[in-house]
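Visitor: The structure follows.
The values are calculated or read from the model by the stated rules, or taken from the named source; none is laboratory data. Model, not experiment: these values are computed from the prediction. Cβ: placed from backbone, ideal geometry, glycine included. Neighbour counts: every protein chain shown. Ligands, DNA and RNA are stripped out before the accessible areas are found, and what is left, the full protein with its side chains, is counted by its heavy atoms. Shrake-Rupley method; radii C 1.70, N 1.55, O 1.52, S 1.80 Å.
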Amino acid sequence: GKRGFKLTSEERQEIERFARMFPDWSHKKLHMFLSEHSVSTLYRYLAKKDMLVRNRCPGFHKKPRPRSAWKVVRKKLPKDYQVYKPGDLVVLDSIVEFVDAAFNKLYFVTCVDIATRIGFALVTKNHSSKAAKALLGKMEEVLQTKIKAVLTDNGSEFLAYFHKACKDQGIEHFFTRPRTPKDNAICERFNLTLQQHLYWRVDLTGPLHKINEVLADWLVEYNCLRPHESLNM
């Protein structure tokens, strides 16, 4: 038959008492106070009673995570969503670049209008939703029309002030699926084009205003001069 624990009722109560007294102690640590029993006996008995650390101390393996004060209902873009005119759908993304040996960062917030393929971007040293909100306003100026809907990933730069600006202005905010960059393939491709065609033109460790000046010149070239395969050249 199956090997038993050979524990008396009093011994079982004593093991359970210590286990409840120290819920985050493993059976090996409890063994120091219950040395009359083997380590394996303690483990098998606690496992049978569902009293291993993971059962009697559920919070032991969890790290506290701060909850965002911005509660957002994350709508998905309908598969049949129709785009006819500029501003019907603008897709946004961001790029993080380490620019020197000290691991200093630059953040590019990017967007593309689906109807026209007009692209726009900003460079910032602060990965905040205020930068994305500013980009949204500038994109409306470029398109010269109201933006009706946007599509972003689930990054924090597209929550908070950005999401509030969308809500205040009546802009529908759609989200891609987590860890699914193909849901925003057009903006991902724009990001690659920006990296390939901009970075060699400017020192990314230089002043922020200088980088934005070179970026602005490149955006004029991209939107007004550069042939686009997606628009039949």
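Visitor: Once ligands and nucleic acids are excluded and a 1.4 Å probe is used, how much of residue 163 is accessible, expressed in Å² to the nearest 10?
Guide: 40
Visitor: With n ≥ 4 as the cut-off for DSSP H runs, can you work out [θ] at 222 nm for the chain, using -39500 (n - 2.57) per run divided by the number of residues, rounded to the nearest 500?
Guide: -11000 deg cm²/dmol
Visitor: Of 81, 161, 222, which has the most accessible area and how do the rest follow, probe 1.4 Å?
Guide: Correct descending sequence by accessible area is 161, 81, 222.
Visitor: Go through 213, 141 and list them by solvent-accessible area, largest first, probe radius 1.4 Å.
Guide: In descending accessible area the options line up as 141, 213.
Visitor: Additional query: Could you run the Debye sum over the Cα atoms of region 66-166, one equal point scatterer each and no solvent, and tell me log10 of I(q)/I(0) at q = 0.11, 0.13, 0.19 Å⁻¹, two decimals?
Guide: Listed by q, the Debye log ratios stand at -0.35, -0.49, -0.95.
Visitor: Return the single residue from 87, 119, 170 with maximal mean-square fluctuation; model: Gaussian network over the chain, springs between Cα atoms under 10 Å.
Guide: Maximum fluctuation in the GNM of the chain, among the listed residues, is at 170.
Visitor: I'd like the accessible area for residue 117: 1.4 Å probe, protein heavy atoms, all chains in place, Å² to the nearest 10.
Guide: Approximately 60 Å² of residue 117 is accessible to the 1.4 Å probe.
Visitor: Using the charge dipole of region 74-233 (Lys, Arg: +1 at Cβ; Asp, Glu: -1 at Cβ; taken about the Cα centre), state which of 103, 152, 228 has its Cα farthest towards the positive end.
Guide: After comparing all options, I get 152.
Visitor: Which entries in the list 138/167; 76/167; 75/167; 28/63 go over 20 Å, if you measure between the two C-alpha atoms of each?
Guide: Pairs exceeding the cut-off: 28/63.
Visitor: Ok, one more. To test your reading of the geometry: what angle, between 0 and 90 degrees and rounded to tens, separates the Cα axis of helix 185-198 from the longest principal axis of the chain?
Guide: The helix 185-198 is inclined about 70 degrees to the chain.
Visitor: Express the Stokes-Einstein translational diffusion coefficient of the chain in µm² s⁻¹, to the nearest whole number, given a Kirkwood radius over alpha-carbon pairs, 4 °C and a viscosity of 1.567 mPa s.
Guide: 59
Visitor: Using a 1.4 Å probe and counting only protein heavy atoms, arrange 89, 231 so the residue with the most accessible area comes first.
Guide: Largest accessible area first, the list is 231, 89.
Visitor: Now, a different point. For region 1-138, how big is Rg over Rh, using alpha carbon atoms and the Kirkwood form of Rh?
Guide: 1.37
Visitor: Let me ask another. By how many degrees, 0 to 90 and rounded to 10, does the Cα axis of helix 39-48 deviate from the longest principal axis of the chain?
Guide: 70
Visitor: Not counting ligands, DNA or RNA, and with a 1.4 Å probe, what is residue 54's accessible surface area in Å² rounded to the nearest 10?
Guide: 150
Visitor: Moving on. Given a 1.4 Å probe, how much area per residue of the chain is accessible, in Å²?
Guide: Per-residue accessible area for the chain comes out at 63 Å².
Visitor: How much of the accessible area of region 72-217, in percent, comes from carbon and sulfur atoms when a 1.4 Å probe is used?
Guide: 54
Visitor: Here's a follow-up. Rounded to the nearest whole Å³, what is the per residue volume of the convex hull around the Cα atoms of region 107-233?
Guide: 112
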